[in-house]
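Read the structure below first, then the notes.
The values are calculated or read from the model by the stated rules, or taken from the named source; none is laboratory data. Treat the numbers as computed from the prediction; the structure is a model and nothing was measured. Note that each Cβ is placed from the backbone with ideal geometry, even for glycine, and that neighbours are counted across all protein chains shown. To get the accessible areas, we keep the full protein, side chains included, count just its heavy atoms, and leave off ligands, DNA and RNA. Shrake-Rupley method; radii C 1.70, N 1.55, O 1.52, S 1.80 Å.
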Amino acid sequence: MTTNPSEISGIKNSSNGEASKPRRAFSKTELETLFGSPYFAGCKGIGPKRRALAGPHIIKDDRYWVPIICYYTGARVGEIIQMHFDDLILDTETPHIKICGNQIKKGPNKKSLKTKTSNRIVPLHPDLFKLGFREFVTKELKRKPKDQSRLFWRVKFSSNYERASDVFSKRFAGMLDNMGLVASDLTLHSLRHTLYQALTNSKIEKIVGDRILGHSTGGMSNHYD
């Protein structure tokens, strides 16, 4: 061959620009800063400013649970925000969540996935239950409006219900700023990279890691999303 096909392929980044944003895993020190912050270890109160100040109150709402679930499952934030109560399988030998799409294409209960391989089952770590996840699910099921099917129904979708991740991702960015974690390549999606790195470091079989993260087994993890 006299030419390099990769130089003329014309492959473009995804239209939403996500692939072009640099992201990386959290370091050990950054994880300690994140989960040792008032948002997780105890704050002064429920107001936005008081939430960022150290105090005696641990408020276990979406700000608390979404990052923790992302950290332990490696799921995309949109997959977690749009998760329905019916996707939680807790009363079984191996508690897990089902990450899947549905036939509801619009409205507050819409679910959509990035790729076909995003459909998967992800086990839930025992730490989640030690932290009170089961109790949180039970309370939210009782409190939710009748027209809501999502666990994190308090987190609104962006305009026209286009993306489940936008609103919370911006909220988390503000949380990171308040912690002094201001590196531009640290985002909520970095927790997904963190689990991928942990699986790799633990020498977990690649096919197992791919299934947990919802990658195809044809090398998607090398072109990481």
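Could you derive backbone 3J(HN,Hα) for the stretch 44-53 from the dihedral phi with the Karplus parameters 6.51, -1.76 and 1.60 (θ = phi - 60°), listing whole Hz in sequence and x where the residue is Gly or Pro?
For the stretch 44-53, the Karplus curve yields 7, x, 7, x, x, 6, 5, 5, 8, 9 Hz.
In nm, what is the difference between 0.36 nm times the number of residues separating ILE207 and VAL137 and their Cα-Cα distance?
Answer, rounded to one decimal: 22.1 nm.
Among residues other than LYS44 whose Cβ falls under 11 Å from its Cβ, what is the net charge (Lys/Arg +1, Asp/Glu -1)? Before the final figure, lay out the partial values.
On the way: positive: LYS49, ARG50, ARG51; negative: none.
After counting each charged neighbour, the total is +3.
Please calculate the 1.4 Å probe accessible area of ILE207, with all protein chains present, and give it to the nearest 10 Å².
Rounded to the nearest 10, that gives 70 Å².
Can you compute the charge dipole magnitude of the stretch 53-113 about its Cα centre, using +1 on each Lys and Arg Cβ and -1 on each Asp and Glu Cβ, nothing else charged? Give it in debye, rounded to the nearest 20.
The calculation lands at about 380 debye.
Hey, can you grab everything whose amide H is under 5 Å from the amide H of LEU124? Only 5+ residues off in sequence or another chain; H modelled, so Pro and N-termini drop out.
HIS96, ILE97
Measuring from the lowest to the highest alpha carbon on each principal axis, how far does the stretch 72-189 reach, largest first, in angstroms?
Principal-axis extents of the stretch 72-189 (Cα, largest first): 40, 35, 32 Å.
Report the local net charge at GLY132: Lys and Arg +1, Asp and Glu -1, summed over other residues whose C-beta lies under 13 Å from its C-beta.
0
Under a straight-distance cross-link criterion of Cα-Cα below 20 Å, which lysines are reachable from LYS146, leaving out those fewer than 8 residues away in the same chain?
Leaving aside lysines fewer than 8 places away in the same chain, those within reach of LYS146 are LYS105, LYS106, LYS110, LYS111, LYS156.
Taking the Cα centre of the stretch 31-137 as the origin, how large is its charge dipole in debye, to the nearest 20, when only Lys and Arg (+1) and Asp and Glu (-1) carry charge on their Cβ atoms?
It works out to roughly 580 debye.
In percent, what relative contact order does the stretch 9-151 have, based on Cα pairs under 8 Å that are 6 or more apart in sequence?
Rounded, it is 16 percent for the stretch 9-151.
Could you compute how much accessible surface GLU135 exposes when probed at 1.4 Å, giving the result in Å² to the nearest 10?
100
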